[in-house]
Amino acid sequence: MLTDSENFEGLALKDVVPNDRKPFWKDGTLLKLNTLLLCALLSQVAAGYDGSMLNGMQSLPQWQKYFGEPTGTRLGAMTFGPTGGTLISVLVSSQLCERFGRRYPICGGATTVIIGSILQTAAVNYGMFVASRFVIGFGLGIVATAAPPLLSECAYPTHRGILVSFYLCTWSLGSLIAAWVTYGTFQMTDSSWSWRIPSILQSLFSFIQVVLSLFAPESPRWLIYQGRRQEALDVLTKYHGYGDPNSRLVRFEMAEITATLEVEKAQKLSHWKE
């Protein structure tokens, strides 16, 4: 079926996208796909929440009292925790995505964030709080590496640019949510739950990511790269081709991905020969 890729010579992706497909909110398949891709879109929301949460906590009397009104290097370590965890995740995140695809690193990274959030909520001293911040950052780093490829490689062609752009804008949404949560718990001046509640709520976005990632489609590009062409065809057929494996769009996408991977492979071989 893919041997006729020459039929697409001179064509671009927009030339083979059907013009009669309904808007995604009226198309059950596209609505399902975009809902499942929330497992990637929520990555920046979770990161934005974490980035703003500690700023809000510093205004909470109970948090200040519990950790001895940290300043200087002590406060710096609390703030640097997620960044440090993310830097550590750089050592393994790309390898995880290459070995296990996109979905499972998102699931694993989000699970790590949940664990870190639980540790942060249950923190009984400064050291435990800082350690939990590193764990959260490590998980966020893995998710942030896997999420953009999943979005760009699974989204319906006409939705791809919108979803990727929206992904880049959702950090501020998470930040805003964290600000309002800490504002809401500010009145709890007689309980450590004033800062523990924002901490545990941080895991909500990651929990949704874990659940959705278990049902989301895997990247067709990664599947073809792994030699699992039939699985890639099944994904594209189900979500992009109206269930028709002979769809012109599906055949074009399969041929395009295959050709791109072959070019990348040739470039790598020429690089090693040099």
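The values are calculated or read from the model by the stated rules, or taken from the named source; none is laboratory data. Note that the structure is a prediction, hence the values are computed from the model and not measured. A quick note on method: Cβ atoms are made from the backbone with ideal geometry, for glycine too, and the neighbour counts reach across all protein chains shown.
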Checklist entry - Just one of A46, A40, A12 is under 18 Å from R160 (Cβ atoms) and surrounded by 19 or more Cβ atoms within 10 Å (Cβ to Cβ); which is it? => result A40
Item to check | Looking only at the range 224-241, and only at residues there that are of a type in the set (S, T, Y) and in contact with a Leu (Cβ under 9 Å, 6 or more places away or on another chain), the one that is farthest from G101 (Cα to Cα) | outcome: Y239
Checklist entry - L249 passes all but one of (1) surrounded by 14 or more Cβ atoms within 10 Å (Cβ to Cβ); (2) under 30 Å from Q58 (Cβ atoms); (3) over 25 Å from the mean Cα position of the chain (by Cα); which number fails? => result (2)
Checklist entry - Does the range 208-242 hold any residues that are in contact (Cβ under 8 Å) with a residue 40 or more places away in the chain, surrounded by 15 or more Cβ atoms within 10 Å (Cβ to Cβ) and aromatic (F, W, Y), and which are they? => result W222, Y239
Checklist entry - For V211, all conditions in the list (1) farther than 29 Å from F67 by Cβ; (2) over 20 Å from the mean Cα position of the chain (by Cα); (3) in the same structural domain as P157 (by TED's automatic domain parsing) hold save one; what is the number of the exception? => result (2)
Checklist entry - Here are G56, G51, G76: which of them is surrounded by fewer than 16 Cβ atoms within 10 Å (Cβ to Cβ) and either assigned by TED's automatic domain parsing to the domain that holds S172 or out of contact with any Cys (no Cβ under 9 Å at 6 or more places or on another chain) (or both)? => result G76
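For the condition part of a helix (DSSP H, G or I), in contact (Cβ under 8 Å) with a residue 12 or more places away in the chain and surrounded by 15 or more Cβ atoms within 10 Å (Cβ to Cβ), what is the one hit in S172, S199? Give the derivation first.
Working: S172 fails: surrounded by 15 or more Cβ atoms within 10 Å (Cβ to Cβ).
Unique residue meeting the criteria: S199.
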Checklist entry - In this structure, is A216 within 27 Å of the chain's Cα centre (by Cα), closer than 30 Å to G139 by Cα and not in a helix (DSSP H, G or I)? => result yes
